[in-house]
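Some notes on the structure that comes next.
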Amino acid sequence: MEQPIKRLPQTGVDKENIFKMMDEYRGKDADWRQARTWSLVYYLGEEHTAFIKEAYSRYFSENALNPMAFKSLKRFESEVVRMTSTMLSGDSRVVGTMTSCGTESCLLAVKTYRDLARARRPWIRKPEMVVPESVHVAWEKGAEYFDVKAVHAPLTRDFRVDVDAARKLINRNTVLIGASAPSYPHGMVDPIPELAALAQEKNLPLHVDSCLGGFLLPFVEKLGYPVTPFDFRVPGVTSISADVHKYGFGAKGASVILYRDMRTLRHQFFVYENWPGGIFISPALLGTRPGGAIAAAWAAMMAIGEGGYIDIARRIMDITRRLIDGINAIPEIYVLGDPPMSVFAYTSRSRDVNIYAVADQMEKKGWHIDRLHRPEALHAIVMPAHENISEQYLDDLRESVDIVKKNPELATKGGAAMYGMIAQVPLRGMVKSNVLKMMEDIYGPEAKLPEYDESEEQPTDVATRLAMGFLKIRNRFGK
Ligand SMILES: *Cc1c(COP(=O)(O)O)cnc(C)c1O
């Protein structure tokens with residue numbers, strides 16, 4: 001593509017050309033169809049995709065902003081909420097709404113419990129929430145947006161939150177405890193029963209962020225794998241979020257947030273009665289709510305059914321066990337913790353093998369690799385589509401580890417140098433301000449995306465390189 005487009009074309013471009021341009025633009029995109037990615041796209045094959053596209057497009061124009069106007073959409077939403085509640089062992093009092101993504105569900109949990117505390121404990125001036133260090137970054141966003149201070153409880157050696165430490169962080173200003181089932185970075189389920197007991201003892205709500213696992217863990221459990229109780233069976237769990245657009249295999253734009261009863265959900269609602277445009281009600285964050293995503297979520301759940309989700313879980317778990325065993329069989333690397341489902345991170349046993357350099361080698365072999373930090377590790381979310389390529393992944397991984405072991409200088413080159421440097425920067429504020437500068441470039445008039453030259457030995461401009469590497473980590477950490 002020569003020049004970026006800066007103004008509307010004088011006359012409309014013909015449609016065939018537009019599609020050609022779209023295909024050209026996407027030339028360098030991550031190759032999820034060939035199962036080369038380990039995040040971002042939850043894919044169940046062409047047939048299922050065509051089906052949910054059809055369901056989506058039937059409601060392409062409808063808007064769920066007004067539940068009175070499109071009663072069918074309200075019915076889909078209610079049925080998705082009920083089905084999800086039953087799946088997560090909720091009783092008939094459980095209520096909830098659909099949202100557009102896991103982030104929206106987590107943001108709403110923060111807002112809802114802040115407002116619940118405002119109603120019941122109005123003397124709290126500076127609300128706080130206690131969350132594990134491994135909680136999804138959406139919670140940090142919620143903290144910032146809604147002015148609820150996130151107090152981080154450390155993890156134990158098995159990468160689950162330390163309940164005793166969490167207990168010590170609770171104070172008069174605490175309005176909420178958060179936990180994950182499982183966490184995005186390490187795929188571990190926090191000790192929900194112990195946290196729930198703590199929440200009950202302190203008379204605090206507990207939100208379980210099951211955005212990632214909500215549509216998988218129940219079926220993994222049914223298959224007989226050990227799963228820490230995390231859903232409404234645990235007294236003290238007051239709300240749960242689960243993403244239909246992840247392992248529910250709906251279309252993008254669909255998540256669910258559930259509360260044990262209406263006394264809590266009512267604090268999520270927004271009502272404004274004095275607007276010249278009329279009395280306004282809104283159940284969640286968005287204004288216009290795309291009908292397609294709601295319809296496709298409903299259609300996906302109906303088409304797959306419990307039996308289908310169990311089959312999918314079986315396939316995913318078989319692939320995951322093979323991958324985890326294969327990785328642990330490579331002497332130089334190992335999987336962190338003992339992840340109960342299909343999300344895991346792995347790192348190296350010694351400094352001789354730089355794990356980010358291993359990632360660089362894997363990317364040379366055509367894999368899209370997600371990097372974590374604290375500790376430095378590589379990440380994977382397993383899909384059914386990985387069935388046929390997991391052996392290839394393991395072969396490439398063995399080879400990559402070998403190359404890095406024989407060429408330790410690779411740790412000072414390319415991506416590894418950058419990621420390593422970011423991890424070592426003592427002043428996190430410096431990292432943040434540099435990343436902000438980077439964002440100003442990306443979203444500035446020139447829309448400059450960061451690129452770095454693989455062949456370069458060392459970054460030239462430290463600040464820029466720092467920002468680029470870190471931004472990449474954050475990008476990959478986000479989904
Ligand atoms: C993915 C995820 C989120 C955020 O969901 P989005 O749909 O990406 O906004 C929140 N929490 C957890 C545990 C997740 O895995």
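Tabulated results
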{"quantity": "Accessible solvent surface per residue of the chain, calculated while the other protein chains remain in place, 1.4 angstrom probe, Å²", "calculated": "49 Å²"}
{"quantity": "Distance from the stretch 85-141 to the stretch 411-440 (C-alpha centre basis), Å", "calculated": "32 Å"}
{"quantity": "Surface accessible to a 1.4 Å probe, Thr86 within the full protein complex, Å²", "calculated": "100 Å²"}
{"quantity": "Exposure of Arg160 as accessible area (Å², to 10), given a probe of 1.4 Å and all protein chains", "calculated": "50 Å²"}
{"quantity": "The chain - share of DSSP beta bridges that are antiparallel (%, nearest 5)", "calculated": "60 percent"}
{"quantity": "Length-normalised contact order for the chain - Cα pairs under 8 Å, 6+ apart - percent", "calculated": "17 percent"}
{"quantity": "15 Å beta-carbon shell around Phe70, net charge (K/R +1, D/E -1)", "calculated": "+2"}
{"quantity": "Lysines whose Cα lies under 22 Å from that of Lys405, excluding same-chain neighbours fewer than 8 positions away", "calculated": "Lys364, Lys365, Lys413"}
{"quantity": "The stretch 56-301, relative contact order [Cα under 8 Å, separation at least 6], %", "calculated": "28 percent"}
{"quantity": "Accessible area in the full protein assembly, largest first, 1.4 Å probe, for Lys149, Lys28, Lys141, Lys71", "calculated": "Lys28, Lys71, Lys149, Lys141"}
{"quantity": "3J(HN,Hα) from dihedral phi, the stretch 220-236, Karplus parametrisation 6.51/-1.76/1.60, rounded to Hz, x for glycine, proline", "calculated": "4, 5, 4, 6, x, 6, x, 10, 4, x, 9, 9, 5, 5, 8, x, x"}
{"quantity": "Sequence of Asp370, Asp162, Asp395 from largest to smallest accessible area, 1.4 Å probe", "calculated": "Asp395, Asp162, Asp370"}
{"quantity": "Long-range amide H partners of Gly96 with built H, under 5 Å", "calculated": "Tyr259"}
{"quantity": "Cα gyration tensor, the stretch 175-332 - rounded (a/c under 1.5), prolate or oblate", "calculated": "oblate"}
{"quantity": "Solvent-accessible ranking of Lys168, Lys111, largest area first, probe 1.4 Å", "calculated": "Lys168, Lys111"}
{"quantity": "Neighbour net charge for Ala242 - beta-carbon separation under 11 angstrom, K R +1, D E -1", "calculated": "-2"}
{"quantity": "³J(HN,Hα), Karplus 6.51/-1.76/1.60, whole Hz, each residue of the stretch 164-178, x for Gly, Pro", "calculated": "5, 5, 4, 4, 5, 8, 6, 9, 5, 8, 5, 10, 6, 10, x"}
{"quantity": "Mean-position separation - Cα centroids, the stretch 189-258 and the stretch 2-44, in angstrom", "calculated": "36 Å"}
{"quantity": "Phi to ³J(HN,Hα) by Karplus 6.51 cos²θ - 1.76 cosθ + 1.60 over the stretch 27-38, Hz, x for Gly, Pro", "calculated": "x, 9, 5, 4, 8, 7, 5, 8, 6, 8, 9, 10"}
{"quantity": "Student exercise, the chain dipole from Lys, Arg, Asp, Glu Cβ charges, in Debye to nearest 20", "calculated": "1800 debye"}
{"quantity": "Rounded percent of accessible protein surface that carbon and sulfur make up, the chain, 1.4 Å probe", "calculated": "54 percent"}
{"quantity": "Sequence ranges 263-269, 203-209, ranked by mean other-Cβ count within 10 angstrom, highest first", "calculated": "203-209, 263-269"}
{"quantity": "Three-way shape label, the chain, alpha-carbon gyration tensor, a/c 1.5", "calculated": "rounded"}
{"quantity": "Built amide H within the under 5 Å cut-off of Ala377, gap 5+", "calculated": "Leu372"}
{"quantity": "Tensor-based shape of the stretch 56-301 (alpha-carbon gyration tensor, a/c under 1.5 rounded, otherwise prolate or oblate)", "calculated": "oblate"}
{"quantity": "Probe 1.4 Å - accessible area at Thr228, Å² to nearest ten", "calculated": "40 Å²"}
{"quantity": "Interchain or long-range residues, amide H under 5 Å from Ile333's placed H", "calculated": "Arg349"}
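The values are calculated or read from the model by the stated rules, or taken from the named source; none is laboratory data. On a predicted model such as this, the values are computed, not experimentally measured, just so you know. Neighbour counts run over all protein chains shown; Cβ positions are idealised from the backbone, glycine included. Heavy atoms of the whole protein, side chains included, go into the accessibility calculation; ligands, DNA and RNA do not. Shrake-Rupley method; radii C 1.70, N 1.55, O 1.52, S 1.80 Å.
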